[in-house]
Amino acid sequence: MKTALTLTLLSLMFSPSSFAKDFSKYTITYGSPSWNVSPTKIDSAFLVIRDRNSKKLMQVQLEETAPDSSEFKGHFQFSLTENKAVYPEVYIPPQGLRDQMDEFYPLIQNQRIVRKPIIIKRTKQDNVIDVYDTREQAERAWAAYQESQAAKATAKIPSTPATKEQADVLGDASKLAAKTDANKEEERIRMEQIERQKILSRINEQQKLGEAARLARSKEAHELAEEGMAAYDAKNYLLAEEKFHQSAEKDPANKEFYYKYGVSLYKNGKFNEALVTLQVAEVPDSLQTEKSYFMGLAYFRLDEFKRALDSFQKVQDSKDAVLGPSAAFYRGVIFFNQEKWKNAETAFEYVVDTSKDPKLDERADEYIEAIANAQKLAELRGKRWLLSGTAGLMYDSNVLLAPDLETFQGASQKEGDVRLVTVGDLTYQAVIKEDSTWKINGTANLTNSSKNDLAAADPWLYSLYAPYTHSFKTAKPSQLTINPGYESLFMAVNGDSTKRNILNSFVGEVSYLKANSKLWFSNYAFEYRMDDFSLSSSVGDNDLDANKFTLSTTQTALIGPRKKQALAGTFNVARNQAKGKDKVYNRFGAGVTYGAPAWKDSAWTSSLDYYFLDYAGSSTHRKDNNVTFATALAKPITDWFTWGLMGSFSNNVSTESSSYSYTRYTVMTTATFSTAF
């Protein structure tokens with residue numbers, strides 16, 4: 001018994017040679033409520049130190065660190081005549097022997113008294129001895145101290161990213177946080193030691209009472225606990241905390257009261273106190289998972305994420321149908337904030353697979369989507385150039401001639417054809433920041449009909465844009481985009497198939513996207529175009545040169561049981577202020593689009609659009625009413641290849657001539673290739 005009980009952590013963690021004569025200065029700390037005589041002044045006490053090698057005994061005076069703190073600290077120094085190692089042992093005399101040290105010393109020398117578990121922390125100035133009541137407390141404190149030292153060895157004070165000597169600002173901040181967390185855990189272990197002593201003292205006092213008095217106090221404790229539970233159910237957590245605290249003091253042997261008290265402390269934001277109380281609380285197996293869950297929450301609120309992860313992992317491993325998915329969700333949030341994308345994704349997928357709470361599933365799905373976006377952004381940040389190409393084969397039942405690029409406003413050729421559509425897109429990401437981006441984008445969009453007589457209806461469009469986007473992180477996040485650009489259109493004219501430049505346009509667009517809520521987004525845009533045509537027919541009343549102004553808005557709502565579907569409504573109005581009065585028009589448009597996930601990770605959209613076109617000042621007073629239905633399916637095959645299938649049907653009714661009244665449908669399949677470098 002003597003060997004087993006008196007074995008301290010010192011013998012496991014240090015060899016005698018670790019403490020030579022040069023390091024004989026010590027600071028010693030111990031927590032003891034019984035030494036705290038007055039709550040208004042700093043009390044003093046003493047304990048006994050023995051050096052195992054020299055057998056030398058000394059009495060060390062300690063003082064309370066603050067009034068009513070119950071934490072005591074003292075200093076001492078061994079003075080040895082020979083260069084021997086120092087191996088300190090700590091003994092605390094029982095209350096009955098504190099005035100009879102002549103009787104206590106022989107008990108120490110004869111190994112009849114149990115020494116306290118200690119850990120020794122070596123510093124440049126002295127050695128710090130922390131004294132504990134149980135081996136378990138000392139082991140946890142030693143583990144926290146080792147964690148702190150490991151973090152301290154590599155942590156540096158974070159500086160700005162511009163400092164060459166300190167590039168990994170986030171990494172160093174994380175290490176400093178780990179060191180701080182370890183120090184907090186050591187403090188809580190000391191608080192727990194003091195609390196356990198208080199409980200033991202109350203139990204001893206209770207045992208001195210008669211049976212009737214003990215039963216009366218137990219009954220009162222249960223009544224207080226019932227009042228506390230009623231207050232807890234009514235969400236009056238301050239009153240619940242008070243009642244559970246009183247019940248725990250009335251019946252200190254009932255550790256379940258401590259559990260309820262600890263949960264109330266958590267609800268009131270007293271996370272450190274909650275952790276200490278929950279650690280002390282002894283609960284049946286049926287509540288062990290719930291206790292770990294609340295401890296995980298408290299660690300989470302204190303930003304002590306390593307300990308939170310450990311607690312939540314215990315809960316997740318329990319397979320509890322309710323708490324397991326919730327714990328996994330918090331693990332996912334922690335990993336997400338640490339940018340450990342794979343771990344976060346695994347945690348959130350566990351939530352989706354096991355949770356029976358639709359709202360929790362929805363939030364987990366949102367995080368999974370955010371992870372995919374974050375991974376994509378991280379990949380893009382490392383690759384400045386984005387290149388994509390699309391090849392599409394289309395059947396067009398009624399090819400339209402629209403030299404001004406308003407495809408659905410063109411004249412019908414009364415002829416269908418198979419057409420090849422090719423698009424090349426190259427983007428340079430000049431600026432990529434968390435809140436802003438600036439890109440330079442060049443695009444070539446070429447359409448080629450298989451029939452030579454339709455070549456005049458095949459546009460080749462080249463464009464260069466430089467969009468700048470800034471995000472505002474407010475309660476309702478928003479995004480402003482300024483997008484200047486230049487477009488150049490080439491088409492065949494004069495009956496041959498040779499393409500030549502017929503239109504150059506300067507374009508400026510400003511758009512504002514706002515998240516009104518998690519389910520509703522609004523986009524507002526203004527576009528200005530200055531079109532300069534070089535067609536010989538663009539003269540007089542038919543002069544196509546124009547300033548065009550367009551206002552538009554799109555309102556998007558996420559719908560469906562898991563908010564994976566989207567419904568968008570659009571409205572736009574445009575004024576084409578051409579030089580030729582026959583080419584001046586107003587255009588009013590509206591539409592609705594529905595989008596949803598489809599077969600095997602593919603995305604499906606369908607839209608119904610209407611516009612009214614009014615050439616009010618023209619000699620023919622042309623007016624068009626157009627209805628178009630379109631649907632599309634996009635299926636990612638690999639990370640770099642996407643297959644698409646789309647179709648549309650249009651009906652246009654015009655007052656001018658049969659050339660502008662038509663029905664038309666298109667069917668097209670596309671292959672899109674993309675890469676980044």
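The values are calculated or read from the model by the stated rules, or taken from the named source; none is laboratory data. Because the structure is a prediction, the values reported are computed rather than measured. We place every Cβ from the backbone using ideal geometry, glycine too, and count neighbours over all the protein chains shown.
The residue list SER659, SER654 contains one member that is surrounded by 14 or more Cβ atoms within 10 Å (Cβ to Cβ) and closer than 19 Å to GLY416 by Cα, which is SER659.
Just one of the listed residues (THR427, THR346) is on the phi < 0 side of the Ramachandran plot and touching a residue at least 24 places away in the same chain (Cβ under 8 Å), namely THR427. Among the residues making up region 268-300, a single one is acidic (Asp, Glu) and either under 15 Å from GLN316 (Cβ atoms) or buried (at least 21 other Cβ atoms within 10 Å of the Cβ) (or both): GLU290. For the residues ASP365, ASP425, ASP417, the requirement of being crowded, with 16+ Cβ neighbours inside 10 Å and out of contact with any strand residue (DSSP E or B) (no Cβ under 9 Å at 6 or more places or on another chain) singles out ASP365. Filter region 219-254 down to the residues that are more than 34 Å from the chain's Cα centre (by Cα), surrounded by fewer than 16 Cβ atoms within 10 Å (Cβ to Cβ) and at pLDDT below 85 and list them by number. Residue satisfying the conditions is ALA253 alone. When the criteria are applied in full, ASN452 meets the requirement of being exposed (fewer than 14 other Cβ atoms within 10 Å of the Cβ) and more than 35 Å from the chain's Cα centre (by Cα).
Would you please name the residue that is farthest from GLY647 (Cα to Cα), looking only at residues in region 597-631 that are of a type in the set (Gly, Ala, Ser) and assigned to a strand (DSSP E or B)? If you could, list the steps in order and put the result at the bottom.
First, the residues of region 597-631 that are of a type in the set (Gly, Ala, Ser): 598, 602-603, 606-607, 616-619, 630.
Of the ones still in play, those that are also assigned to a strand (DSSP E or B) are 603, 606-607, 630.
Values: ALA603: 15, SER606: 10, SER607: 11, ALA630: 6 Å.
Per the criteria, the residue is ALA603.
I'd like to know if region 99-113 contains one or more residues that are within 24 Å of ILE189 (Cβ to Cβ) and surrounded by fewer than 19 Cβ atoms within 10 Å (Cβ to Cβ). No, that holds for no residue. Kindly evaluate ALA457 against the criterion of being surrounded by 15 or more Cβ atoms within 10 Å (Cβ to Cβ), within 30 Å of ASP543 (Cα to Cα) and modelled with pLDDT under 90. Taking the combined requirement at face value, the residue satisfies it.
Taken as a whole, the structure places LEU275 among residues that are within 23 Å of LYS184 (Cα to Cα), at pLDDT 85 or above, of a type outside the set (Phe, Trp, Tyr) and assigned by TED's automatic domain parsing to the domain that holds ARG217. Regarding GLN111, is this residue at pLDDT 80 or above, over 27 Å from MET295 (Cα atoms), out of contact with any Phe, Trp or Tyr (no Cβ under 7 Å at 6 or more places or on another chain) and not in a helix (DSSP H, G or I)? Yes, satisfied. Mind checking whether some residue in region 375-398 is of a type in the set (Ser, Thr, Tyr), in a loop (DSSP other than H, G, I, E, B), in contact (Cβ under 8 Å) with a residue 40 or more places away in the chain and more than 23 Å from LYS439 (Cα to Cα)? There is at least one residue in region 375-398 that is of a type in the set (Ser, Thr, Tyr), in a loop (DSSP other than H, G, I, E, B), in contact (Cβ under 8 Å) with a residue 40 or more places away in the chain and more than 23 Å from LYS439 (Cα to Cα). For region 256-265, indicate whether the set of residues that are of a type in the set (Lys, Arg) and either over 32 Å from the mean Cα position of the chain (by Cα) or farther than 11 Å from LEU224 by Cβ (or both) is non-empty. No; the residues of region 256-265 include none that is of a type in the set (Lys, Arg) and either over 32 Å from the mean Cα position of the chain (by Cα) or farther than 11 Å from LEU224 by Cβ (or both).
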